[in-house]
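Student: I am attaching a structure below and will ask some questions about it afterwards.
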Amino acid sequence: MMVRSFTGLAAAPGLAYGAVVLYHARANRPGTSADPATEQARLIRALAETDATIAAHEAALRAAGQSESAAIFGAHRLLLNDPSLRERATILVTELGRAAADAIIAAAEEQALELERLGDAYLSARAADVRAVALQVWRALTGAVGPGQLLVAPSIVVARDLDPADLAGAPRDLLRGIALAAGGITSHASIIARSLGIPAVVGLGDEILTAAASARAIALDGDHGMVTLDPPADLPARLRPRPRERAVRGATPRGPVITRDGRRIRLLANVASPAEARDACAEGAEGIGLLRTEWLFLDRPDLPDEEEQVALYQAVAAAMPDAPITVRTLDIGGDKRLPALPLPREDNPFLGSRGIRVCLSRPEIFLPQLRALLRARATHDIRLMLPMVTTVAEVRRARSLLDQARNQLVASGRPFSPDIPLGVMIEVPAAALNAAHLAPEAAFFSLGTNDLTQYTLACDRGNHRLADLYQPLDPAVLRLIRMACEVAHQHGRPAGICGELSSDPQATTLLIGLGVDELTCAPAALERVRAAITATDTRAARNLAERALAAEDPQQVRAMLRNTL
Ligand code: PEP
Ligand code: MG
């Protein structure tokens with residue numbers, strides 16, 4: 001076996017070692033029947049069904065005069081009806097006892113690899129067509145399973161990309177790490193890996209998928225973005241993670257965090273579950289600055305009803321008693337999908353129905369969440385925060401739905417607290433630029449620098465090829481941060497950061513210099529960010545911020561931060 005190393009982006013810290021589980025989002029749905037005759041019958045049915053579907057597409061396009069597109073489907077039908085594909089799949093089923101779904105994928109893969117081996121661009125493109133056709137047959141044969149169901153031993157999942165639901169639903173004792181071909185540091189798979197403490201390396205490129213196909217074991221270093229396939233025998237021992245420092249050190253008491261010259265900066269945590277809130281509490285967080293509610297709903301087929309949501313919010317609040325808990329309303333769309341709430345396909349999902357846009361168009365989903373928050377507020381210091389706000393009108397519409405939720409609760413006679421602070425996330429550049437109009441409508445601003453960076457720099461946060469461009473320290477992003485903080489203060493509102501930038505202790509002084517009042521960090525970063533706050537002098541921080549704002553690019557800013565430290 002050959003040792004092969006790959007470098008990607010360090011997305012979630014930690015060392016991991018395990019068996020390789022190569023996950024193809026669509027190809028890893030195992031067949032269900034072990035009986036070859038039944039499987040063969042299912043295969044024939046699925047082939048016929050798929051052929052009929054493709055034929056219908058072809059006919060419709062031809063009728064619409066789209067002969068070029070119709071021809072693509074015509075070619076797909078030829079591939080589907082290629083006797084050698086069918087024969088090979090049949091042999092796999094009848095002689096080797098493979099499930100029909102596995103057989104069609106395996107037979108297509110063999111053909112595709114043969115075509116690719118010929119080294120001709122045209123034939124390589126046909127290989128992709130063969131795979132696409134087989135996937136359609138496979139779709140007709142299977143129901144979905146996530147990578148979690150594929151794990152039988154401590155493993156590292158290698159995939160092109162993963163849905164947050166895949167991660168949230170996987171058994172934690174078996175899922176030791178993830179290595180993704182795609183993705184960036186702030187793509188949602190990376191964020192959820194960090195919050196679940198699953199070491200992750202992303203942006204490894206497609207080579208990892210090919211290489212991992214023939215590997216047995218994998219070692220992963222989430223601190224340095226390194227992955228080694230079939231590592232040397234002595235490596236696993238070195239990879240055993242050190243016991244968590246926390247176990248040795250005990251809990252950090254909660255208390256105000258103050259700069260060297262006496263300015264108080266609220267140190268909060270971002271969490272996605274009651275368990276994480278407990279961790280954050282042990283790390284001395286003063287409260288929760290971001291509860292991503294969509295992550296509470298990820299691994300389930302239905303949305304929790306109002307009662308269940310009340311219990312969930314209360315459970316998070318109970319994990320951090322007597323502390324402010326900022327609950328962000330459902331933020332789906334973009335790269336976040338909920339099994340319970342399929343959204344229509346869009347060409348540009350990050351610029352489409354996302355966050356507050358979805359909630360405003362689906363009051364039947366938004367209202368139960370608002371009612372649940374008002375009810376949880378009766379017993380805990382719950383605050384409400386709206387994601388992806390672009391216009392003032394959106395906030396006003398959310399407010400009027402909040403009024404409606406209050407009226408419904410009055411009518412139902414359930415106990416609730418009518419006064420709930422309503423904050424606005426600033427993560428769309430327009431919101432920062434129009435902050436003066438948003439501030440009167442908002443109790444606080446919370447800057448989502450993950451999205452603010454992607455929208456300011458027109459740079460997909462999940463695209464590893466753009467990792468050099470995706471820089472939250474870009475002076476353009478810093479300018480928007482400062483602008484939003486200044487406006488918030490002019491209106492007597494606090495402004496914080498809840499994106500991943502606030503978990504970077506190198507950036508802490510700069511952010512304080514730009515005017516932030518609150519930093520919402522990953523629980524694992526709290527200790528280092530606390531140390532960075534207490535070491536900061538605000539006058540020096542302002543000076544640093546001025547210089548950073550005048551910088552030409554994020555590299556200059558990073559160099560300044562290093563020199564200052
Ligand atoms: C952000 O965009 O910075 C943010 C905190 O929201 P999310 O990462 O969930 O999009
Ligand atoms: Mg966001």
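The values are calculated or read from the model by the stated rules, or taken from the named source; none is laboratory data. As the structure is a prediction and not an experimental result, all values here were calculated from the model. FYI the Cβ positions are ideal-geometry reconstructions off the backbone, even for glycines, and counts take in every protein chain you see. Protein only, heavy atoms only, side chains kept; ligands, DNA and RNA dropped before computing areas. Shrake-Rupley method; radii C 1.70, N 1.55, O 1.52, S 1.80 Å.
Student: What does the extension gain come out to for Q490 and R278, with contour length at 0.36 nm per residue minus their alpha carbon separation?
Tutor: The Q490-R278 span can extend by a further 72.8 nm.
Student: How much accessible area per residue does the chain have, in Å², with a 1.4 Å probe?
Tutor: About 43 Å² of surface per residue is accessible.
Student: Grab the Cα-Cα distance for E207 and R479, subtract it from 0.36 nm times how many residues apart they are, and report the gain in nm with one decimal.
Tutor: Fully extending the segment from E207 to R479 adds 94.1 nm.
Student: Provide, for q = 0.05, 0.07, 0.10, 0.12 Å⁻¹, the log10 of I(q)/I(0) from a solvent-free Debye sum over equal Cα point scatterers in the chain.
Tutor: Scattering profile of the chain, log10 relative to I(0): -0.24, -0.47, -0.92, -1.21.
Student: Ok, one more. For H437 and S361, FRET efficiency with R0 = 25 Å and r from the beta-carbon atoms, rounded to 0.05?
Tutor: 0.65
Student: Now for a separate question. Please state, as a whole number in µm²/s, the translational diffusion coefficient that the Stokes-Einstein equation yields for segment 431-565 at 37 °C and 0.692 mPa s, with Rh defined as the Kirkwood radius across alpha carbon pairs.
Tutor: The calculation lands on 220 µm²/s.
Student: Pull up all non-local amide H partners of S446: gap of 5 or more, or a different chain, and H-to-H distance under 5 Å with H placed in the peptide plane.
Tutor: Those qualifying (amide H under 5 Å, at least 5 residues apart or on another chain) are V424, M425, I426, G496.
Student: Using C-alpha positions alone, give me the convex hull volume of segment 36-142 per residue in cubic angstrom.
Tutor: Output value, Cα hull per residue: 78 Å³.
Student: A follow-up question, please. When the helix-only estimate is applied to the chain (DSSP H runs of n ≥ 4, each -39,500 (n - 2.57), divided by the residue count), what is the mean residue ellipticity at 222 nm, nearest 500 deg cm²/dmol?
Tutor: Taking each H run of at least 4 residues, the total per residue is -14000 deg cm²/dmol.
Student: Once neighbouring chains are kept in place and the probe is 1.4 Å, which whole percent of the accessible area of segment 468-565 is contributed by carbon and sulfur?
Tutor: 48 percent
Student: Could I ask something else about it? Taking 0.36 nm per residue of separation and subtracting the Cα-Cα distance, what length does fully extending A540 through V410 add?
Tutor: 41.6 nm
Student: Taking R0 as 60 Å, what's the FRET efficiency between A311 and L118 from their Cβ-Cβ distance, rounded to 0.05?
Tutor: Rounded to the nearest 0.05, the efficiency is 0.50.
Student: Sticking with this one: Give the residue from A106, A63, H76 lying farthest towards the positive end of the charge dipole for segment 36-142; charges sit on Cβ (+1 for Lys and Arg, -1 for Asp and Glu) and the dipole is referred to the Cα centre.
Tutor: A63
Student: Check which residues have an amide H placed less than 5 Å from L268's amide H, if you skip close sequence neighbours.
Tutor: Excluding prolines and chain starts, which carry no amide H, the hits are E286, L519, T520, C521.
Student: Round to the nearest 10 and give me the degree value, 0 to 90, for the angle of helix 554-564's Cα axis relative to the longest principal axis of the chain.
Tutor: Value to nearest ten degrees: 50.
Student: Given +1 on the Cβ of Lys and Arg, -1 on the Cβ of Asp and Glu, and no further charges, what dipole in debye does the chain carry about its Cα centre, rounded to the nearest 20?
Tutor: 1360 debye
Student: If you average 1/r over every pair of different alpha-carbon atoms in segment 265-310 and take one over that average, what Kirkwood value in Å do you get?
Tutor: The Cα-based Kirkwood calculation yields 11.6 Å.
Student: Between A458 and A52, what is the spin-label point distance in nm, taking each point 7 Å from the Cα along the Cα→C-beta axis?
Tutor: With each label point 7 Å from Cα toward Cβ, the separation is 4.7 nm.
Student: Once the mean 1/r over all distinct Cα pairs of segment 253-564 is inverted, what Kirkwood radius in angstroms do you read off?
Tutor: 19.7 Å
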